[in-house]
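Following: one structure in structure tokens, then a few remarks.
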Amino acid sequence: MKLTSKQAREMLEQARKNAKEEKWIDHSICVGQAVGRIAEALNKKGHNLDIDKAITLGLVHDIGKIKTSFSEHDMEGYNYMKEQGYDEDYCNICLIHPYLNNDVNCTAGGFPSDIPFRTEFVKNHEYTIYEKMVNLCDLMCPPGGKVFTIDKRLIDLITRRGAHSNTQYHVKETYKLKEYFDNLLGYSVYDLFPEIKENL
């Protein structure tokens, strides 16, 4: 089953009614908007991306937080979207969005618990450009709905979740991901977000 950005926003607003805290919802909206902005810019460079799909994937990436605040929200989101009957793209983004470089150990906040299905899925999954955009924008949008440089966002993550033995690895891969999009665009992805200056 397909999902539109309008339906995804309605899903988030419904979740807001019962949410213990709303920052993840505003974060998800921010990620969706940021992904849409990058997708539009890439289309101007000759790509043929479905902008509404890009926005939708950004909106639903954290939907697992309906059931759990942080721990295993990726698995919860994947299972939730599966149970609702949504297409694989919408399920997959929930599962892979915290992990870079096809590695569950390349994530913020330490190491995830050992779930063999997740480890193998992430390892063998071929990330789409949509998923990579969500990976990046998730690392640019802190809780609450602003857009940060990845420098400031990574400091935010380390401050809240601590530094771990995999933190340097994750930081390096985050910068590689930004460079990937800078090269596709032919300019810094930050140029698409002039409001970043207000959030320094």
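The values are calculated or read from the model by the stated rules, or taken from the named source; none is laboratory data. Treat the numbers as computed from the prediction; the structure is a model and nothing was measured. Cβ placement follows ideal geometry from the backbone for every residue including glycine, while neighbour counts extend to all protein chains displayed. These area figures cover heavy atoms from the full protein model, side chains too; ligands, DNA and RNA do not enter into them. Shrake-Rupley method; radii C 1.70, N 1.55, O 1.52, S 1.80 Å.
Using θ = phi - 60° in the Karplus curve 6.51 cos²θ - 1.76 cosθ + 1.60, the 3J(HN,Hα) couplings for the range 170-180 round to 5, 4, 4, 5, 5, 5, 5, 5, 4, 4, 4 Hz; x is entered for Gly and Pro. Shape annotation for the chain: C-alpha extents along the principal axes are 40, 39, 33 Å, from largest to smallest. What is the percent carbon and sulfur in the accessible area of the chain, measuring with a 1.4 Å probe over the protein chains and ignoring ligands? Roughly 49 percent of what the probe reaches on the chain is carbon or sulfur. When the inverse distances between all different Cα atoms of the range 158-199 are averaged and flipped, the Kirkwood radius reads 12.1 angstrom.
Compared with the alpha-carbon gap, the fully stretched path from K67 to K23 is longer by 14.4 nm at 0.36 nm per residue.
Taking the Cβ of D89 as the center, what net charge do the other residues with Cβ under 14 Å away carry, scoring Lys and Arg +1 and Asp and Glu -1?
Numbers: positive: K2, K53, K82, K132; negative: D50, D52, D87, E88, E126, E131.
Around D89, the charge tally is -2.
Distance check, please: which entries in K45/K132; K82/K172; K6/K172; K82/K152 exceed 24 angstrom between their Cα atoms? Working shown, then result.
Numbers: K45/K132 17 Å; K82/K172 32 Å; K6/K172 35 Å; K82/K152 34 Å.
Beyond 24 Å between Cα atoms: K82/K172; K6/K172; K82/K152.
Rolling a 1.4 angstrom probe over the protein heavy atoms with all chains in place gives the chain an accessible area of 49 Å² per residue. The largest-to-smallest principal axis extents of the Cα set in the range 106-200 are 41, 30, 22 Å.
Taking the chain as a whole, the Cys residues whose C-beta sits 4.7 Å or farther from every other Cys C-beta are C91, C94, C106, C137.
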